[in-house]
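Read the structure below first, then the notes.
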Amino acid sequence: MSSQTNKLSIIASTAPEAQSALEELVRLYGNVPTAEADVIVALGGDGFMLQTLHDTIHTGKSVYGMNCGSVGFLMNDFRAERLRERVAESVENEFHPLKMTTENEDGSTSAALAINEVYLFRQSYQAAKLRVEIDGHVRLEELICDGLMIATPAGSTAYNLSAHGPILPLEAPLLAMTPVSAFRPRRWRGALLPNHVCVDIHILEPEKRPVNAVADNTEVKSVLKVRVAQSTEITARILSDPNHSWSDRILAEQFNN
């Protein structure tokens, strides 16, 4: 960040390690309510960082995370010393979440934001059968699979990577569309999409092959249609140490065994 940050709101997950770190940092630097803070310091793992971003995304505040969990891809290393200086010297990464809008079997509609990915998956033993449209053009008339996700660059190293999807540099204007256990077309391995497209996914045979949809941690059951588009009016902001940037992490992840 370009200026010294004075007001920090320090929050933590319920994990014992995070709670211990919270006590130490509050003793050293004090604490202010989130509404009064310049920056939110989140202590925990990637799951807690996602929760924090969802809770604060409409405030315009930046989040500086420190890893007190297991993976911590979204987090900086935990160190108690020089916290204010580290926050002031950090690099801000801005990105827009995906907006998932669903039409549901019971006639209702719903909407949710996804920082990592939107994921559709079969609800029963029957494989899902989907039709995929991009900007109004049918690109897959029938996709039979266990699931289908659309991941942001920020989420490309999460479930998308586990499903053998591509890792996207944070600055890439792309989305990764990745199937899970595609049966037909058997050789289809997914696609890279411009991040400005609108994706409509229609559930075929929903009575026989019910499908649920998830935007990060918000799940909607028995959907009939899912629309996914970038929410350009909403911005999430994550701070990273300059010697441990997201771009560096994503590059390193591609060479890990």
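The values are calculated or read from the model by the stated rules, or taken from the named source; none is laboratory data. On a predicted model such as this, the values are computed, not experimentally measured, just so you know. Methodologically, a virtual Cβ is constructed for each residue, glycine included, from the backbone with ideal geometry; neighbour enumeration extends over all protein chains shown.
If you go through segment 169-178 one residue at a time, how many are modelled with pLDDT of 90 or more and not hydroxyl-bearing (Ser, Thr, Tyr)?
Filtering segment 169-178 for residues modelled with pLDDT of 90 or more gives 173-178.
Still in the list and also not hydroxyl-bearing (Ser, Thr, Tyr): 173-177.
Final tally of qualifying residues: 5.
Mind checking which pairs have a first residue in segment 223-250 that is farther than 30 Å from residue 211 by Cβ and a second that is part of a helix (DSSP H, G or I) and modelled with pLDDT under 90, Cβ under 6 Å, 6 or more apart or different chains?
Listed pairs, sorted by first residue: 240/246.
Listed residues 35, 42, 80; which is surrounded by fewer than 16 Cβ atoms within 10 Å (Cβ to Cβ) and touching a helix residue (DSSP H, G or I) at 6+ places or on another chain (Cβ under 7 Å)? If you could, list the steps in order and put the result at the bottom.
Working: 35 fails: touching a helix residue (DSSP H, G or I) at 6+ places or on another chain (Cβ under 7 Å); 42 fails: surrounded by fewer than 16 Cβ atoms within 10 Å (Cβ to Cβ).
Just a single option satisfies the conditions, and that option is 80.
Need a quick list: helices (runs of 4 or more DSSP H) entirely within segment 14-98 having at least 1 residues that are polar (S, T, N, Q).
Here the list reads 16-29, 46-56.
Might you check whether a residue that is in contact with a helix residue (DSSP H, G or I) (Cβ under 8 Å, 6 or more places away or on another chain), under 25 Å from residue 104 (Cα atoms) and among the β-branched types (Val, Ile, Thr) occurs anywhere in segment 171-182?
yes
Before we move on, is residue 215 at pLDDT 95 or above, farther than 15 Å from residue 123 by Cα and not charged (D, E, K, R)?
Numbers: at pLDDT 95 or above: yes; farther than 15 Å from residue 123 by Cα: yes; not charged (D, E, K, R): yes.
Yes: the conditions hold for residue 215.
Just checking, how many residues over segment 95-152 are surrounded by fewer than 20 Cβ atoms within 10 Å (Cβ to Cβ), over 14 Å from residue 211 (Cβ atoms) and touching a His at 6+ places or on another chain (Cβ under 8 Å)?
Adding up the residues that qualify gives 1.
Does residue 244 satisfy the condition of being at pLDDT below 95, assigned to a loop (DSSP other than H, G, I, E, B), surrounded by fewer than 17 Cβ atoms within 10 Å (Cβ to Cβ) and on the phi > 0 side of the Ramachandran plot?
no
Residue 181 passes all but one of (1) on the phi < 0 side of the Ramachandran plot; (2) at pLDDT below 95; (3) among the hydroxyl-bearing types (Ser, Thr, Tyr); which number fails?
All conditions pass for residue 181, except number (1).
Can you say whether residue 179 is in a strand (DSSP E or B), within 18 Å of the chain's Cα centre (by Cα) and without any contact (Cβ under 8 Å) to a residue 60 or more places away in the chain, as far as the supplied structure shows?
Considered against the rule, which asks whether it is in a strand (DSSP E or B), within 18 Å of the chain's Cα centre (by Cα) and without any contact (Cβ under 8 Å) to a residue 60 or more places away in the chain, residue 179 comes out as yes.
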